[in-house]
Amino acid sequence: MAFRNLEITHRSAVHTIIVNRPDKLNALNRETLNELTIAFAQAAQDDGVRVVVLAGAGEKAFVAGADIAEMNGYTPTQALAFSRTGQRLMSSIERLGKPVIARVQGFALGGGMELAMACHFRVASEKAKFGQPEINLGLIPGFGGTQRLLRLAGRGAALELCLTGATISAQRAYELGIVTRVVAPDALDEAVVALADQLANAAPLAAAGILDAVLSGGEAAIDQGLEFETQGFALAFSTEDMREGTSAFLERRKATFVGR
């Protein structure tokens, strides 16, 4: 389908979704949230897609936040629906079953930081800026910011960033465990492409199993998480990819995974 606020590109098994509202610093309004929900659902259902890259148009922002002009007139009931729409999107990204890389080149603030945190990897330019500034608007994060930040960086960092509304550098975000990699601005695309290609060549069913184990097991007690891992490990032995991977190792050749 045609999107008003997104640009979609394909390169082999890598699917790129670009939030394309540069005049609004790619801010998230209801329409954009709905389009992202559809775009990620399509990527989930397409067996030809093994990796998704999420980016923002222009050089100033990945996503600078939610659309404040739209939010300004919300009633509490409308705000509740907006928050739930955003949280459903973030959860669908996190649970996509395929690796998702956020390419962060500028501001990732508020809803933009929440969107990046829902991805499995965050590759950031040295010039990128992160923050949860909702408190400066008399609000709290509404798209999962308090919870994913807590899980990525710990309680201290979550409280500091959410209560002060501070904007931090990509390097500081890396030190806190929020960002996966920090690279020079002119190396950002190269770094994202290299990571995407590496993930696209990996065994897709094993990747899905790892994502499930980390995400589901990480929310459970250790014994439950270990059992979840054991079940996923055993299930992998039913796949053609496992036979291909082990055979390729023994035959000293590169494995070719087909997702079966």
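Out of segment 214-259, which residues are of a type in the set (S, T, N, Q) and surrounded by 15 or more Cβ atoms within 10 Å (Cβ to Cβ)?
Within segment 214-259, 216, 239 qualify.
Please list, ordered by first then second residue, the pairs with beta carbon atoms under 9 Å, 6 or more apart or interchain, first in segment 117-135 and under 13 Å from residue 53 (Cα atoms) and outside any helix (DSSP H, G or I), second at pLDDT 95 or above and acidic (Asp, Glu).
Short answer, once both residue conditions are applied: 119/94; 120/94.
Across segment 71-87, what is the number of residues that are surrounded by fewer than 16 Cβ atoms within 10 Å (Cβ to Cβ) and either in contact with a helix residue (DSSP H, G or I) (Cβ under 7 Å, 6 or more places away or on another chain) or not in a helix (DSSP H, G or I) (or both)?
The qualifying residues number 4.
Which one is nearest to residue 214 (Cα to Cα) among residues in segment 89-106 that are touching a helix residue (DSSP H, G or I) at 6+ places or on another chain (Cβ under 7 Å) and assigned to a helix (DSSP H, G or I)?
Across segment 89-106, the extreme among qualifying residues is 94.
Going by what's in this entry, would residue 32 be described as polar (S, T, N, Q), more than 19 Å from residue 143 (Cα to Cα) and either assigned by TED's automatic domain parsing to the domain that holds residue 98 or assigned to a helix (DSSP H, G or I) (or both)?
So residue 32 does not fit the description; no.
Condition first: surrounded by fewer than 21 Cβ atoms within 10 Å (Cβ to Cβ) and either in a strand (DSSP E or B) or at positive phi (or both). Now tell me which residues in segment 41-70 satisfy that.
58
List every residue pair whose Cβ atoms sit under 8 Å apart, with the two residues 6 or more apart in sequence or on different chains, where the first one lies in segment 20-42 and is within 17 Å of residue 97 (Cβ to Cβ) and the second, anywhere, is among the charged types (D, E, K, R) and in a helix (DSSP H, G or I).
As it stands, the answer is 37/88, since those pairs meet every condition given.
What are the residues in segment 1-19 that are part of a loop (DSSP other than H, G, I, E, B), free of Cβ contacts under 8 Å to residues at least 60 places away in the same chain and farther than 23 Å from residue 113 by Cβ, if any?
Passing the criteria: 1, 2, 4.
Mind checking whether some residue in segment 51-70 is in contact (Cβ under 8 Å) with a residue 40 or more places away in the chain, under 27 Å from residue 15 (Cα atoms) and touching a Cys at 6+ places or on another chain (Cβ under 7 Å)?
Within segment 51-70, one or more residues are in contact (Cβ under 8 Å) with a residue 40 or more places away in the chain, under 27 Å from residue 15 (Cα atoms) and touching a Cys at 6+ places or on another chain (Cβ under 7 Å).
Is one or more of the residues making up segment 154-167 touching a Lys or Arg at 6+ places or on another chain (Cβ under 9 Å), in contact (Cβ under 8 Å) with a residue 40 or more places away in the chain and either acidic (Asp, Glu) or surrounded by 16 or more Cβ atoms within 10 Å (Cβ to Cβ) (or both)?
Yes: segment 154-167 contains one or more residues that are touching a Lys or Arg at 6+ places or on another chain (Cβ under 9 Å), in contact (Cβ under 8 Å) with a residue 40 or more places away in the chain and either acidic (Asp, Glu) or surrounded by 16 or more Cβ atoms within 10 Å (Cβ to Cβ) (or both).
Given the conditions (1) surrounded by fewer than 16 Cβ atoms within 10 Å (Cβ to Cβ); (2) outside the structural domain of residue 55 (by TED's automatic domain parsing), which single one is not true for residue 171?
It is condition (2) that residue 171 fails.
Residues that are acidic (Asp, Glu) and closer than 24 Å to residue 96 by Cβ: list the helices (runs of 4 or more DSSP H) wholly contained in segment 149-253 that include at least 2 such residues.
188-200, 222-236, 240-251
The values are calculated or read from the model by the stated rules, or taken from the named source; none is laboratory data. Everything quoted here is computed from the prediction, not taken from an experiment. Ideal geometry is used to build each Cβ from the backbone, glycine not excepted, and the neighbour counts take in all protein chains shown.
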